[in-house]
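The values are calculated or read from the model by the stated rules, or taken from the named source; none is laboratory data. Since the model is a prediction, treat every value here as computed from it, not as a measurement. Quick reminder, even Gly has a Cβ in these numbers, built from the backbone with ideal geometry, and neighbours come from all protein chains shown. The accessibility values were calculated without ligands, DNA or RNA, using every heavy atom of the protein model including side chains. Shrake-Rupley method; radii C 1.70, N 1.55, O 1.52, S 1.80 Å.
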Amino acid sequence: MPALNFLGRKWLVACDDFVVPAGIDACLRIIWFIGTFAFLWLKISNCEESVLSNYFLYAAAVDLLFTSCLSLSLMFASARGSVLEVGKRKCVPILLFIKLVTLLCDAVIASFGIWLITQMDRTCIAQEVFITATSILTLIYIFIVMVGVLVCYDSLGASKYWNIEASSNSLNFFKKAQYIWRIRLKLFCCCADISEENDFIYVEISTFLASFLNGIDLVPTDILSGIITLSQKHVLERRKHMMQHLPESLKLLESTSVPDWMTAENALHFLRIAKSTYGWIAFLDVFHPWSLCVLSPQAGCCLQCGNQDNETKVDNCCNLNFAAVQKISNFSESDIVFASFRNSIHEPAFYVAVNHARKYVVIAIRGTRSFSDLITDIDAETLYFPSEGKRKFKCHRGALRSALFLQNKLDELNILERAFSENPTYSLALTGHSLGGSIAAILALLLRPKYPDLQCYSYGPLAALSSLGIVETLESVLTVVIGEDMAPRLSASSCNELRNQLIGSLSENGTPKYKILAGACWYHIQKYFKMSYQKPVSCGHENQVYRNDAENISHPDADVFHDESKMYAPGRILYFERKVWDKPFWLTGLNLQSIIINPDMIADHQPHRIQHALDMYLRSIQEESHVVVV
């Protein structure tokens, strides 16, 4: 950091990223030089008569010797200084330019070798094999370098976008960045079913990404190094992150009582339904992969794709998702009122079913499983919730538009009316995981005027509501979060904060980048083979502990509830510390606004991890109830 300035433009690599590539290149060239020198020194019989062949070998030996020294020089130059000490590596662009010239020499030698092969009379087989191997390997090396150049090419690296006369904040840069991101999104979603009517979404998201990433001078390896150094810091400061806005959170929690239905038992029951929305992919997780064949009796014949006229069951040709839902959730076909696994941007897959065992009409919404869902995730700009009340709050744009789509779909087909006409005493419940949990929470707000007693169960949702939105969901949304799950902490503001923390962490750390990356690789190798897991740092597990600490920190800050720039996870959050499943505590999204870098930040988001936590908690309650006090 900053990005490498070479040939009048910036690239997606830094000047300290050549330690490993140059080192590998030097080792291979030294080995091949030794082989070439040995071939010349041995003076194999019948191999000294060809003058041109000897010229090739001498030229290859000289080239290998020089480029080996050049690669070693590049390696040592690139290894100097920490990530931000760019001045110590100012000779790297010069060495790269010389390396580019030697690449042309390699191409000439390889071309000469290929021509020479066609002219040889096969009197010296060993020499012919050696020249052939040298020429082919040289061409492969040139091809690898060309691929590397393409990978490291930055579309916004031209000098007119970053020099003094045209700064990165210029309108020219922004328009170019917006165009580049729109092209990338279209290429990324080339396989998604996105109509031309939704083309405006690319413009909106590309505008958001261009403005969000404006002025960032970080290459991918800088980000990775920052994450590694920051993870070590977050282990020590984890409690501090959890204490953020604790007084405000406690004030919210104490303002309303916990509804009777917000129990771990209910959460575990509806988690299984939320998992079922992922269809046959979830089936592989719940059961063994080889058990997929058990879906065949319920799945339809793939040869009947053109004969599907069922308006209440929209699925793929074989109805695998629909069959998986029945297997995982234990719903019969008649219990499922409507199911649609057709998926597009802002059009999530979902189904509506009647749970006769618990007397619920359930709306289950799928989380992220497709490119279209990813675009909905990235559509993180904010929009005001369409409410006529006094409280105006903002929502995640992608989740809000998806919830509005589902509301229109439910009204258009009279799905809930049909379900409740046959079961008038039942209650309405919504459930979803990840993106589906965020959509379910916002849909609950939309449906609550009509169904005031509805219940929403959300698992690892995205940060989708501003602080005033949390107030509206405390009595209707139960959210379950495990450990360092990144999704409930993921928002534009938290990403901005993380970016600043990464830069600060790199500034404070004086270790060269290659040592940071090598140390992380070695740690994970040791962890894999020796299973030497480090115990996580614990930070208390009961509200009383946090309440006492909060009194020593500060009083509730009213300004938090007027800040609409930050998004938070919805509802009343049942939070589980990793490996301490018996003592969950209540939080709100205000406590989960900072992304914590941790190896388990993605694993803690998975449904099976949430299910394990709820299982262990309920088991601990059962064990305590069987303890006999003498």
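What distance in nm separates the two pseudo spin-label positions at His356 and Thr263, each 7 Å out from Cα along the beta-carbon direction?
Result: 2.3 nm between the two label points.
Amide H of Tyr568 versus every other amide H placed in the peptide plane: which residues, excluding those fewer than 5 positions away on the same chain, fall under 5 Å?
Result for Tyr568 returns Ala464, Leu465, Ser466.
Applying 1/(1 + (r/R0)^6) with R0 = 22 Å to the Cβ-Cβ distance of Cys105 and Ala518, what FRET efficiency is obtained, to the nearest 0.05?
0.10
Pairs of alpha-carbon atoms within less than 8 angstrom and 6+ residues apart define the contacts here; what relative contact order does the stretch 5-157 have, in percent?
Answer for the stretch 5-157 is 33 percent.
For Ser68, what accessible surface area do you get with a 1.4 Å probe? Give it in Å², rounded to 10.
10 Å²
With a point put 7 Å past each Cα toward its Cβ, work out how far Val147 is from His612 in nm, to one decimal.
Distance between the two pseudo-spin positions: 3.6 nm.
Could you give me the ³J(HN,Hα) list for the stretch 86-93, computed from phi with Karplus coefficients 6.51, -1.76, 1.60 and θ = phi - 60°, whole Hz, x at Gly and Pro?
5, x, 6, 10, 5, 7, 4, x
Whole-Hz Karplus ³J(HN,Hα) for the stretch 466-482, in order, using 6.51 cos²θ - 1.76 cosθ + 1.60 and θ = phi - 60°, x for Gly and Pro?
Whole-Hz 3J(HN,Hα) from phi for the stretch 466-482: 6, 4, 5, x, 4, 4, 6, 10, 4, 9, 10, 10, 9, 10, 10, 10, 10.
Given the protein chains as shown and a 1.4 Å probe, how many square angstrom of His396 are accessible, to the nearest 10?
10 Å²
For the pairs Lys392/Lys450; Lys394/Lys583; Lys359/Lys450; Lys327/Lys583; Lys313/Lys394, note any where the Cα-Cα span goes beyond 25 Å.
In this structure, Lys394/Lys583; Lys327/Lys583; Lys313/Lys394 lie more than 25 Å apart at Cα.
Provide the per-residue ³J(HN,Hα) series for the stretch 327-334, in order, calculated from phi with Karplus coefficients 6.51, -1.76, 1.60 and θ = phi - 60°, each as a whole number of Hz, with x at glycine and proline positions.
5, 6, 8, 6, 7, 7, 4, 6
With +1 assigned to the C-beta of every Lys and Arg and -1 to the C-beta of every Asp and Glu, and no other charges, what is the dipole magnitude of the stretch 83-160 about the Cα centre in debye, to the nearest 20?
Computed charge dipole of the stretch 83-160: roughly 380 debye.
Given H placed 1.01 Å from N in the peptide plane, which residues other than close sequence neighbours of Asp154 have an amide H under 5 Å from its amide H?
Leu12
Taking 0.36 nm per residue of sequence separation and subtracting the Cα-Cα distance, how much length would be gained by fully extending the chain between Glu381 and Val20, in nm to one decimal?
126.0 nm
Taking amide H positions as placed in the peptide plane 1.01 Å from N, state which residues far from Ala349 in sequence (5 or more) or on other chains have amide H under 5 Å from it.
Arg366
Whole number in Å², please: accessible area per residue of the stretch 5-157, 1.4 Å probe, ligands, DNA and RNA not counted.
Normalised by residue count, the accessible surface of the stretch 5-157 is 56 Å².
Determine, from the Cβ-Cβ distance of Ile525 and Ile114 and an R0 of 25 Å, the FRET efficiency 1/(1 + (r/R0)^6), rounded to the nearest 0.05.
Calculated transfer efficiency: 0.05.
Hey, for a label at Thr207 modelled as a point 7 Å past Cα toward Cβ, could you say which residues of the stretch 463-505 have their backbone N under 20 Å away?
Residues 492-493 qualify, since their backbone N sits under 20 Å from the label point.
DSSP loop (so not H, G, I, E, B), at most 14 other Cβ within 10 Å: list which trypsin sites (Lys or Arg not before Pro) in the stretch 1-103 pass both filters.
Listed in order of number, the matching sites are Lys43, Lys90.
At R0 = 51 Å, how high is the FRET efficiency between Arg272 and Glu85 if r is their beta carbon distance? Nearest 0.05 is fine.
Efficiency at R0 = 51 Å is approximately 0.45.
Using 0.36 nm per residue of separation minus the Cα-Cα distance, give me the extension gain between Ser565 and Leu413 in nm, one decimal.
This chain segment gains 51.1 nm when fully extended.
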